[in-house]
């Protein structure tokens, strides 16, 4: 499916399970959007406290570290609207509470386009299908449809918090097993790597980080039919109308 032209998009909201997920999944594309003047906002569902096993930090310390790293990574790309919902890492489920929290964020940021993780397991890339990723994706899609647009869903958001219903025009799903849209990020790949290196508690131990991410992107570019040597990110486009 062809996406809505970027010229018709004013705001994008990216919902992810953990700090660094958006940078691995979509930061090259995000950098393109920022350069076009599109307003970007991030929401991270968990505090990331199970992501420090390769670092020197304790589990109690790692949430603050990861939030600091994510803000620095966002700044590399020009993204400064960053919200952390602070659910426990590794325990995320697509509950009504999470759904309500995401509806709130959608109504606050009013995105035309929303980026989220796939709620469907990718058997070819099991690392992309962390249970928290699946839960975050499922809750995000439920929040887009039917809830965010419905004044009768979570009525306290409207009646008490004054958050008006909002209709997201389309969803871009990352890590989907059969993507149908590819973005050439060759020109922003350096920013993607720079953003990923800001997550030093997660990436500093990986001496092959740039090579690994480049190979992923070149594989996507091959699927897209781009010329050899190009780098791409892959998405499933969902029209929500």
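The numbers here are math on the coordinates, done by the rules we state, and not lab data. Just so we're clear, the structure is a prediction, and the values are computed from it rather than from any experiment. All Cβ positions, even for glycine, are placed from backbone atoms using ideal geometry, and neighbour counts span all protein chains on display.
Here are some notes:
- For segment 123-201 versus segment 214-241, the gap between their alpha-carbon centres in whole angstrom: 18 Å
- Shape call, segment 121-241: gyration tensor on alpha carbons, a/c limit 1.5: prolate
- The residue 152 and residue 187 beta-carbon pair, evaluated with R₀ = 30 Å, returns a calculated FRET efficiency of approximately 0.10.
- Applying Stokes-Einstein at 20 °C and 1.002 mPa s to the Kirkwood radius of segment 1-101, computed over alpha-carbon pairs, gives a translational diffusion coefficient of 147 µm² s⁻¹.
- Averaging Cα coordinates gives a centre for segment 79-114 and one for segment 14-33; these two points are 14 Å apart.
- Ordering 21-28, 176-183, 100-107, 142-149 by mean Cβ neighbour count within 10 Å, with the highest value first, yields 21-28, 100-107, 142-149, 176-183.
- Full-stretch length increase - residue 60, residue 209 - with 0.36 nm per residue and alpha-carbon distance subtracted: 51.0 nm
- By the helix-only formula, in which each DSSP H run with n ≥ 4 contributes -39500 (n - 2.57) and the sum is divided by residues, the chain has a 222 nm mean residue ellipticity of -11500 deg cm²/dmol.
- Rounded to 5, percent antiparallel among DSSP beta bridges of the chain: 30 percent
- Each Cα pair under 8 Å and six or more residues apart adds its sequence gap; the mean of these over the residue count of segment 32-92 is a relative contact order of 52 percent.
- Cα gyration tensor shape of the chain, rounded if a/c is under 1.5, else prolate or oblate by comparing a/b with b/c: oblate
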